[in-house]
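To start, the structure itself, in structure tokens.
The values are calculated or read from the model by the stated rules, or taken from the named source; none is laboratory data. Remember, it's a predicted structure, so these values are computed and weren't measured experimentally. Here the Cβ positions follow ideal geometry from the backbone for every residue, glycine too, while neighbour counts run over all protein chains shown. Ligands, DNA and RNA are excluded from the accessible area calculation, which covers all protein heavy atoms including side chains. Shrake-Rupley method; radii C 1.70, N 1.55, O 1.52, S 1.80 Å.
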Amino acid sequence: MSRSASVRGQWFPFRYLNCVAVTFQVLLVFVTIIAQTQWPSVSGMYCNDLTPSVERPHSASITDFGAVGDGTTLNTKAFQNALFYLNSFANKGGAQLFVPAGRWLTGSFSLISHLTLSLDKDAVILGSPDSSDWPVIDALPSYGRGRELPGKRHQSLIFGSNLTDVIITGANGTIDGQGAIWWDWFHNHTLNYTRPPLVELMYSNRVVISNLTFTNSPFWNIHPVYCSQVLVQHLTILAPISSPNTDGIDPDSSTNVCIEDCYIRNGDDIVVIKSGWDEYGISFAHPSSNISIRNITGQTRNSAGIAFGSEMSGGISDVRVEGIRIVNSVHGIRIKTAPGRGGYVKNVYVADVSLDNVSIAIRITGNYGEHPDENYNKNALPTISNITIKNIVGVNIGDAGMLQGISGDNFSNICLSNVSLSVRSTNPWNCSLIEGYSNSVSPEICEQLRTSPGPGQVCYDGNSYPAAAAQPQSPQKSSASRLVNPFFCISWFLCR
């Protein structure tokens, strides 16, 4: 053997390790760039870089207005007086109302613009158990009545209308609706008006709700309605899984909404997008759109991890959902609608979902009844189209999917890919009156979706318009493998 051959043999392992290291560094940089740009580009666009850390030049404590944090003294007037005073700084950079450690019992109060409501980590705002401390207000125009009962409804514990630049935050302080008494009234049919949410903001923009725990809401927890530029992040939302209608986060007829990094365990949908009810939602015509939902973990007894509707008559579109983990629940992903709803759910992209012990992984329901009155138009049929669901993994699943459209109103462009579910049912898919495509779905999907997309056929890819559907690959490659593959050519170039 020549000396040069011997040297090449001795140096080959070191040269190989070096090129692998270089390749890994290049790959790491590339993946880091992707990770840093993929979601911020979406959430930044939708939420205009909202942040909970705005500096306010003026500040006050709720104790400055006579509040007592003993859990029994009613502090509604203290909150109202504090906010009346701080409103004088709205045009001077805004103000912060600080809630220190303690248990602060209160009825409903209304926020102001250019405000930060900030809770200490040991602060608990308690909702009054007296319904008279929750005022009765008009029904939402897109609903035409209270959601539970005809007529008016109770105002939320923390309320606001026509506001801008509002932040509700804290060091994981708690807002406790003490909802058990409301749940009893609901079950006993003794309510006079629809129950109140914990937080409801109407006709408002630049809203941030972050770093808090919400517990025991009488009804829905977080309800931005007719709002824009809303950021909801780093929340824990808790209610008994038997509690009625304690939805987690309900963006409703709102645009440019980002919901991220939350844990929710409750008695109804974990995150659900709405936009009005039957003829009232159709007439009000205020859609929900440009909504980003990511990194949500949750559990619900009766409902879904991520849901759309059933109140969707104003339309829902351009929704991107990623990084969802749902356990011990009835549904994973669900779309709910019915004849009479009108409206649409379209351009929805759901990816990277993990399910464990879920009864029905994916459900689309075209006969979800319940109407506000008898005046709805039975011929107002919803449009359900451009729904992409991909990269779904599930274990301990009952049924893979129930996908059911409406006679004379087939739901179209329903696309499923890279779906792997370990199911108990011997008939895992139940499909009717739907059209679409699938690729790499296990167990084998129903016949209506069994074809792969062909040239010119479309599956929504998470952008604001459908892109031409990719031809199926064999074997099917994940998005991660498609990212890595280009680096084989880099490795070959560096190491040959």
Starting from the 7 Å offset along Cα-to-Cβ, what nm value, one decimal, do you get for the label separation of Lys92 and Ser412?
6.0
For the stretch 262-412, go through all pairs of different Cα atoms, get the mean of 1/r, take its inverse, and jot down that Kirkwood value in Å.
15.3
Only Cα pairs under 8 Å and at least 6 apart count here; give the relative contact order of the stretch 60-449 as a rounded whole percent.
9
Given 143-151, 267-275, the highest-first ranking by average Cβ count within 10 Å works out to 267-275, 143-151
Per 0.36 nm of contour for each residue apart, how much would the distance between Val393 and Thr236 grow if the chain were fully extended, relative to their Cα-Cα spacing?
54.1 nm
Solvent-accessible area, 1.4 Å probe, carbon plus sulfur percent, for the stretch 132-282:
50
For the Asp49, Thr426 Cβ pair and Förster radius 60 Å, calculated FRET efficiency rounded to 0.05 is 0.75
Where nothing but the Cβ of Lys and Arg (+1) and of Asp and Glu (-1) is charged, how large is the charge dipole of the stretch 60-449 around its Cα centre, in debye to the nearest 20?
220
Cα centroid separation, the stretch 411-462 to the stretch 254-290 (Å):
25
Counting only the backbone N, which residues of the stretch 277-315 are under 17 Å from the spot 7 Å out from the Cα of Asp261 toward its beta-carbon?
292-298
Order by protection proxy (mean Cβ within 10 Å, highest first), peptides 280-290, 123-133
280-290, 123-133
Asp373 to Asn357: extension gain in nm, 0.36 nm per residue of separation minus the Cα-Cα distance?
2.1 nm
Where a label projected 7 Å from the Cα of Gln178 along Cα→Cβ would reach, residues of the stretch 70-86 with amide N under 12 Å
70-76
Could you give the length gained on full extension between Gln457 and Ala60, defined as 0.36 nm per residue of separation minus the Cα-Cα distance, in nm?
137.0 nm
Peptides 334-346, 97-109 ordered by average Cβ neighbours within 10 Å, highest first
334-346, 97-109
Report the percentage of all Cα-Cα pairs in the stretch 60-449 whose separation exceeds 35 Å, rounded to a whole percent.
24
The stretch 359-446: which trypsin sites (Lys or Arg not before Pro) are DSSP loop and have at most 16 other beta-carbon atoms within 10 angstrom?
Lys378, Arg424
Over the stretch 60-449, with the other protein chains present, what is the accessible area per residue in square angstrom, probe 1.4 angstrom?
33
